1. Express the C-alpha Rg of chain B as a ratio against the empirical globular expectation 2.2 N^0.38 Å, rounded to two decimals.
2. Go from 0 up to the bin containing the longest alpha carbon distance in the stretch A:261-357, width 10 Å each, and give me the % of pairs per bin.
3. Considering every pair of different Cα atoms, what Kirkwood radius, in Å, is found for the stretch C:39-146?
4. Residue by residue through the stretch A:61-77, which ³J(HN,Hα) values in whole Hz follow from phi under the Karplus form 6.51 cos²θ - 1.76 cosθ + 1.60 (θ = phi - 60°), with glycine and proline marked x?
5. Amide H to amide H, which residues 5 or more places from residue C:355 or on other chains are under 5 Å from it, using H placed in the peptide plane?
6. For the pair residue C:210/residue A:117, report the inter-label distance in nm, with labels modelled 7 Å from Cα in the Cβ direction.
7. Determine the shielding of peptide C:313-320 by partner chains: average, over its residues, the number of Cβ atoms on other chains within 10 angstrom of each Cβ.
8. To the nearest 10 degrees, how steeply does helix B:328-356 sit against the main Cα axis of chain B, on a 0 to 90 scale?
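FYI, it's all coordinate maths here, none of it is from the lab. This is a predicted model, so every value here is computed, not measured. Here the Cβ positions follow ideal geometry from the backbone for every residue, glycine too, while neighbour counts run over all protein chains shown.
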Amino acid sequence: MKALLQDIAHLWQTKWSFRLALLYLAGLGITIALLPFIPLPFTPDQLDLENVFLAPFNNKYHVLGTDQLGRDVLVNTLYGARNGLLLALPVMAIASLVGVSVGVLAGYFGNNKQYLKRGSLLVLLCCLSLLLYYNIIVPLQLFSNGLPSKLSYTSMLVGVGLSGIAWFGIKPVITRFSFCSRQVAFPLDSLTLRTIELISSLPRLLILISVAAFMPPSVMLLSVIFICTYWTGTARLARAEMLRIAQLPFIEAATTVGMTHRQIIFKEAVPNLLSPVVVAFVFGVGSLLAIESTLSFLGIGLPADLPSWGRTIAGIRSNLGAWWLVAFPGGFLALTVLALQVCSYHLVHITQGRARQ
Amino acid sequence: MLRYLFRRLLYTIPTLWVMVTLIFLLSRVLPGTFGQEQISQAGEGFYSKGSQQQRNAAHEQLLARTNQHLPLFYVTFAPLATSQATSNYSYLLPDLTWNGTKNQYHIWAAALFTGSLGESFASSRPVLEILWEAAGNTIWLLLISMALTIVLALLISVSIVQDRAVKRRRVLLSFLILLDSFPVFLTGLLLLLLLANPDALQLFPVFGLGYHHAGEQSGFMSFIVNLPHLVLPIICLVLAELPYLTNHLYTSLKGTLQADYIRTARAKGLPQNQVIVKHALRNALLPVITVLSDMLPALVAGTVVIETIFAIPGVGRLLVTSVLARDFPVIVGIVVIIAIAKMLSHIVADILYALADPRIRHNQK
Amino acid sequence: MRKVHRLLYSLAIFLSFCSQPQRQPDEVRVRLSSDPQTLSPVNYSDSNGLQVINLLFHSLLGADLEDDQLKPVLAKSLPLIEQKDSVTLITYELREEAEWTNGSPVTSDDIAFTLKVLKAPLVQNEMMKPQVAFIRDLIQDKENKRRFTLVCDGFTPEMELLSGDFFILPAYLFDPENLLKSIPVAAFTDSLSKLENNKNVKAFAAWFNTPAFNNNGQTLQGSAGYLLEKWVPGQTLTLKQKKNWWGKEAKASNLTANPKRITLQVIPDNTTALLATKNGQLDVLSDIAALEFDKLKSNKDFLKNYELHTPQSYSSVYVGINSRLPKFSDKQTRQAIAYLLDVANFIKVTQQQYATPTVGIIPPNVTAYYNTNLKPYAFNVTKAKQLLQAAGWQERNNGWFRTINGKEQPLTIAISYKAGNTVLESSALIFQQSAAKLNIPVQVEAQEGNLFNQNLKAHNFEVFLRTLTGNPFAFNFTALLHTSFAEKGGTNYTGFGNAESDALLQAINTAPNPEQKALHLKKLQQVMQEEATFIPLYYQKERIAIHKRFGNAKISGLKPNYDVSAFELKQ
């Protein structure tokens, strides 16, 4: 942590682009945090039906113009930044974290470094199917029948309880038998790859449309879907990189010196992974920031009273001449992604430089 | 190498089967069935077209005709009864029924063994034929745009990785990032507004894959004739895919250039260009293989937005319309084909890895 | 480098030539927003399919878009209708000239065959089947092969229309082995289960349920003036004028096949279609966005080549309130909501001026039945407030409350609509803002089409916004408003109605003359406005552009708003 702060201070002094980007991001962060307390002349959802599609810079009140319902573009751009970043950053952070952990583990342990007893494997499978039934299928059925959620909680409890009994009660007994105590290689890598293949062969759009067929997508639901689908890209990158790194001489050396798996992964491998993962992260944030416009293009219903850049941009479809609907949110979008890119580029650069020394 | 490939393919088959089964079952979770809405909605209006009862009967006939009245799988959970759930805990016990071979999955899977993906509910054409047609419409588009993307990405990344090109690098990289954060539909729309609009520049026709021509033409001729129609979608696709690929290629090139053997090569006095192309590029391509192998199936799946804007009937649009119409055989068919493409591209990626880096091959054995 | 530049320039010039392909003047190019699912004349499910099939096949009667009147097409004249006890007899005579593509005449055998196909089990006919279920039997005239009588159950005012509203199939082409010939029409009405095991029916279903009868121009040949030349799925449908078509001699203004070739181009996106029209790649474009239409009106280049039309349509936007919910069961509460609907602004923002506010379900341009004594609900906050107070709602700082069944309930409104419809979305947002003036929280919810319809059917909604497309033919609102359709799954979603309104609907259907009918319909509009459960807001105007080289476009408010077969090249 201290090293990171030092890096930032160093970059601040030497690179003007980094300083600019950091200043912008900090400014944006503060504005976003304080936005609900800033006295603005309009709320983002306030309609002004007398002033629809007002061009920018002509009006005292709507400085950046208005959209098809007379909503103020400036206020919507600010609130759009808030909502967009509050969706995109956590989603990409969690997705990257999941992706990197899964990818690193799969790449490092491969198919034949982890061993399990046959009995444990059997019990594990049983536990998974129990959890699937009691914690997913039954609650879903209860939910679709409109039954009280208390029943779902009972079911989930039963699921966890049963699998707990299986794991802690039955597993020790079963592994006493000679057949079940035989060690088998746990194909972690193959399993991960197949899961990734399954998830990524379902087009994201199909998942979104299918989910929208059950309930109107909320921000929470969208976040979950995005996390579930975005982690695979990072995971594959991390795995591929890990496969490469695991072969390098210094890892072998580290093993012979007696470093533990955890030390090897965190000290040697992860810093090497940083650069591609950060690139994927920045790109992911960029594509998520205006995703609503694409979704509304496809007719997937997002809450219509959620101010976002995508909502403002999508307004151009009802008036092709309203360039300001694209220019301002688009400009902010571009600046934000650019700033993120500049910061991450310099940071990755300097961290890697130090790792090599 | 061949044995490795063979084993890899052999392992793929059971995985594929599990995936296909899952996809089949998941698709049927979607609420509603084909035709249900149209049949029931004909009833509302300024006069009634048949009674409710008759419409229900017609819907049942449709279900029976398309085998949708059968249970989904060999075993099914009995649906939870509302009364049973509220009175005691008996709802926690799974209530399983055995359906035998008279179930939708069995019929579909048996047909799959004979190489048939079923027939579309909407047009009663074989799904494979529909898919083939849709993929055929976009295949040229996708191949050309992908080739262009790769070439452009290589050119850009090689040109900006050199030490002299600091300014160019900054400008190009920022531009690419900007490009990537823009929604595809906006890029397409802007291209149309700028390059196919009588109010601006009218260089290209707006939509489609050409018009009706009297008389048949050979494949190549029709391709040439339709080329102007393809220009805008190709530009749009390239712009959409270029940033990500370039960035990856650039990062990995830069990483390789810092490796020891490159320094040795440079110390030997080789010119920088030559070092990059001869030594660094090959190694730098390694992580790019992953990105490319992820891109390939995505291209098969098509890009709904581009297909919609430029009115090209590709797989993406087919998927969306069949999901909205609940044309289950087509949905499952498309996803299965995409899954196969994905599997194959992953295998290809593995092989390329093995070819590019012999050490990995040893490990796999 | 210079070479590259030269190459680029020449490429640009080459492409600019490509951008304006040669057009044949007598080809009409029309835009379709999506591919038809099927062109089966007994199983089509979308309006695009219907538009194409209309150019291939004829029905007995059809609406002439010239004046929106029902006119004989394949029939010689409007049918003779007799009511006898519990059945209605409808007698038709076919046109003498009418013939199939191979030159053989259209006879009552073909009509009988068509009815059998429409009613048969196992066959792909589910979409159209319910519509002809009321026809029990067909009696052929022994002397005249072109005369026949349809025997129908009961009587409804739309029977005349429905008895002529199915496409007639050529028996020689669709059933060359005469598989259905031996089975009488009446057999298809009584017990279908027996027929399901009939060898002939099974064989026919196997022969008929194939792609050939869904998309093939070789089999889909009817009595109308066009042949399906080619269908490239997702791209184009090309239709070719028949040579020596019989309709030319019929001398009926609604039997036309003027353009040599009709191309229907599938373009899903509205913006693309608009640009294509501006480029001259399309001759007809309908459903133009209101704002863009306004801009086209002042675009001189565009007006040089295209003419713009705004016929009054029969599609309306309406608000439905779930009157089954305790909080909306009170008439005054619903009226208060109606006063909060800012229709003037809905029209201004979403339709520009291309819509007419309406007092009720009858379109304002149907002057005979429209109730001019009523005034449409206009936005009025004070009125709404008074009504809420009168209904027993109490205003507090955090909203409105009322005690219902011993429990205090807040007044909240969830308004839902079909996702992707920007017109409805804007209207819902405007309503949200209007209701906020009275401190009523409104939740706006876009739902996927299937989900939305399922929620309506399950009565799982509070307030919804929806479009409804009508027509000027029958004005039988039983399915929408009668209480017998108000149970779950029925089409009376809002729960409108009581014994009195049911009787009124019955009276409309049995009215002996138009004057009586007008009286009842005007009463219905008044009752509906008072109840404020089903609130029609406005009737839209269509926005169409048609190339100037064509005349006789038959612009109409009925879909598809123009009759492409009537287009004539101007001299």
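1. Numbers: Rg = 26.6 Å, N = 365, 2.2 N^0.38 = 20.7 Å.
In units of the 2.2 N^0.38 Å rule of thumb, it is 1.29.
2. Percent of pairs per bin, in order: 14, 32, 24, 16, 12, 2.
3. In the stretch C:39-146 this quantity evaluates to 15.4 Å.
4. 8, 9, 5, 9, x, 9, 9, 5, 10, x, 7, 6, 5, 4, 4, 5, 5
5. Sorted by chain and number, the residues that satisfy this are C:541.
6. Modelled inter-label distance: 6.4 nm.
7. On the way: counts 0, 2, 0, 0, 0, 0, 0, 0.
Neighbouring Cβ atoms belonging to other protein chains average 0 per residue here.
8. Approximately 30 degrees, to the nearest 10.
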